[in-house]
1. Hey, any hits in segment 312-334 for a residue that's touching an Asp or Glu at 6+ places or on another chain (Cβ under 7 Å) and under 24 Å from R648 (Cβ atoms)?
2. Go through segment 55-78 and report how many residues are part of a helix (DSSP H, G or I) and without any contact (Cβ under 8 Å) to a residue 40 or more places away in the chain.
3. Within segment 468-484, can one find any residue that is outside the structural domain of H528 (by TED's automatic domain parsing), at pLDDT below 80 and over 30 Å from L533 (Cβ atoms)?
4. Does D304 qualify as being in contact with a Pro (Cβ under 8 Å, 6 or more places away or on another chain), surrounded by fewer than 18 Cβ atoms within 10 Å (Cβ to Cβ) and at pLDDT 95 or above?
5. Looking at A431, A457, which one is under 24 Å from V87 (Cβ atoms), among the small types (G, A, S) and assigned by TED's automatic domain parsing to the domain that holds G408?
6. State which residue is nearest to the chain's Cα centre (by Cα) when the search covers only segment 584-596 and only residues that are modelled with pLDDT of 80 or more and more than 18 Å from Q143 (Cα to Cα).
7. For the subset of segment 114-153 comprising residues that are over 31 Å from the mean Cα position of the chain (by Cα) and among the basic types (K, R), which member is farthest from A99 (Cα to Cα)?
8. Which residues, taken from segment 519-561, are of a type in the set (G, A, S), at pLDDT 85 or above and surrounded by fewer than 21 Cβ atoms within 10 Å (Cβ to Cβ)?
Amino acid sequence: MPGAGKTTVLAYLAADLIAEGRHLPGRILIVTYTNSAVGNFKNRIGQFLEARGLPRAGFEVRTIHSLAVQIVRERPEAIGWPDTFAVLDEVRRRTLVNALTAGWIAAHRDTWEALVREDVRNRDQALARWAEHTPELMSRLIQSFKARQLSPDDALSLTRGLPDTEPLRWAAEIYRDYQRALAREGLVDFDDMMLGAYRLLTGEPDLLERLRQRWTYVFEDEAQDSYRLQEQVLRLLAGPGGNFVRVGDPNQAIMGSFTTAEPALFRAFIREPGVDVRPLTMAGRSSQEIIDLANELVRWTCQDYPEPGCRDALEPQYIQRVPRGMGQSNPEPEGRRVLVRDFPAYEEEMDRIAGLAARSVRLYPEATVGVLLPTHAMVDRMLALLRDREAPAIPVGRTAPLERLRLGSDLLAALAFLAAPHVPERRAAAARLEPYLDRWLADAVQPADVLLLRMAADLRLSGEDLALAQYLALRARRLLEEEPLYGPGDVARELADALGRSGWLADALYDRQGFEPQPGVVYVTTCHAAKGLEWDTVYVAGLTRGFFTGGLRDRTLSEQWSLVPGQVNPEARALALLDQLAGAGGVSEDPAAAFKREQIGEKIRLLYVAITRARRNLLLSYHWRNERGYDTAPPPAVVRLRQFVQARR
């Protein structure tokens, strides 16, 4: 349940097991998704142990990717990897996929263009959009091959019989070239890391047994965002005897659009025979009025959603308030504090919400305020409107621009070079900082955090670039406190692992797990990035079908309506073909319709997450004419919530 304290419960359970000695002879492994969550878990478990008079020991907290790296480094030669392998960061991954895709298109221009309709209005513009979308599609399909444990040869063999105009066949060819490029550089990506960890655990039984002795309990946080290969790795580590504790909320599974997360896996897990499910139904975050709205969304979706195939989007689990005198008390504001508003047009809605948010921080300086929006473009517009009103406003959870990711990669490449300047590949990887490398060699004996700060000073970094360098130095210092024997190369490897994960840099510059909103400021973020956060007053704007798909006839951002029939949603078609070819079952319905149902379900869960960010006051809003002047409308869920709110007033 949102606000039920899942992280606290997991940390308290770990401390209890350690206090009772039940973790011996090994340690408890806690797996989470962000570096800031790692720090949060370490602090909470440590505090619980110290309260019992015990040392901060007996547990280990890792991100899923750093865990995979640790496993593979135990025995890389067993899966044919050099012990000097390096992890490809996200910047170079995107650049490589983009370049390979552009090369493929240039070599197969007619085949690629054949998917764009001849009768489409402004075909040049349609081709430009298709060119922009194709690399992203290829990247997702390469990830899908790896998630199904398919090698490039497997992918080529499966797709060889497909027509030339099937993007899945293109992806198999680009996948082959992508892996060859990585092999030439001694690189692996994060999907390779998970696959490598799985291959090691299944192929080296003595290593698996040793790791099971090392980690006698395996805890997983945010399990609703797990994916198949990750779940298999954690199940192997836990072993047949159990000791596998997973914490998650199926109703907050909102990452499928951005990752390979499969929400159905956690739902299936909690229904397995022998799994002891302990629901956390009480939550003290929100007022009763907000709880009632969230519960109505659950009830209506499960029972009355207009598209019957979407009624399983939410689990029929309902939030209960915390009884008085037991833990955190729910807020009890006076009067009605939940509203649903509509506006004639997009710009009017944005302007009005900006005015209301600015007014909130002015009239109620002791309260916290958040504005949640569907897209980053809308976040930028809201920030501009708030600045026009001279209202203090801070963006939250922004994805870092490629330039900043590249800077982080360059700093860590330079750090790795200083650890092994005799390795030519290290110098080549840090080539963008070549004028400084020899100068920094004189200080190479310094700790990694000192070296990073020296680099920042010499490069004269400022603003967010300086903040990034300082944060990397802080992370390096923390690593050195935990692992005193680490050299610059070890620190560079660990931080590069984290930096490469999508979204990590935003997490670094704005440590969301430890984030406590300050009063007197308007925090502006996307609905996705708001997960895990909370404010006294929350405005959720832009709730239209253009962003919150509500029915099978609604257009979605993943659809390409300029493409030929059957390829309007090329990802859905390609994934359905892949499952069919890989023996995962036949296609029982139109793959685009099935894909859209999944997207509708995720948007319903996203609305649920947005609603449950509010403690005391909540305003949901939408508009009837979008920013391009076209008519739009609210999705069915928002219509129902407005009816519910009006009936109670």
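The values are calculated or read from the model by the stated rules, or taken from the named source; none is laboratory data. All values reported here derive from a predicted model rather than from experimental measurement. Neighbour counts are summed over all protein chains in view; Cβ atoms, including those assigned to glycine, are modelled from backbone coordinates with ideal geometry.
1. Going residue by residue through segment 312-334, those that are touching an Asp or Glu at 6+ places or on another chain (Cβ under 7 Å) are none.
Within segment 312-334, none of the residues are touching an Asp or Glu at 6+ places or on another chain (Cβ under 7 Å) and under 24 Å from R648 (Cβ atoms).
2. To start, the set of residues in segment 55-78 that are part of a helix (DSSP H, G or I) comprises 64-74, 76-78.
Adding the requirement that they be without any contact (Cβ under 8 Å) to a residue 40 or more places away in the chain leaves 70, 73, 77.
Here the count works out to 3.
3. yes
4. On the way: in contact with a Pro (Cβ under 8 Å, 6 or more places away or on another chain): no; surrounded by fewer than 18 Cβ atoms within 10 Å (Cβ to Cβ): yes; at pLDDT 95 or above: yes.
Answer is no for this residue.
5. Numbers: A457 fails: under 24 Å from V87 (Cβ atoms).
The match here is A431.
6. Step one: filter segment 584-596 for residues modelled with pLDDT of 80 or more, giving 593-596.
Narrowing further to those that are more than 18 Å from Q143 (Cα to Cα): 593-594, 596.
On the way: A593: 24, A594: 23, K596: 20 Å.
Out of the qualifying residues, it is K596.
7. Selected residue: R121.
8. Passing the criteria: G520, G551.
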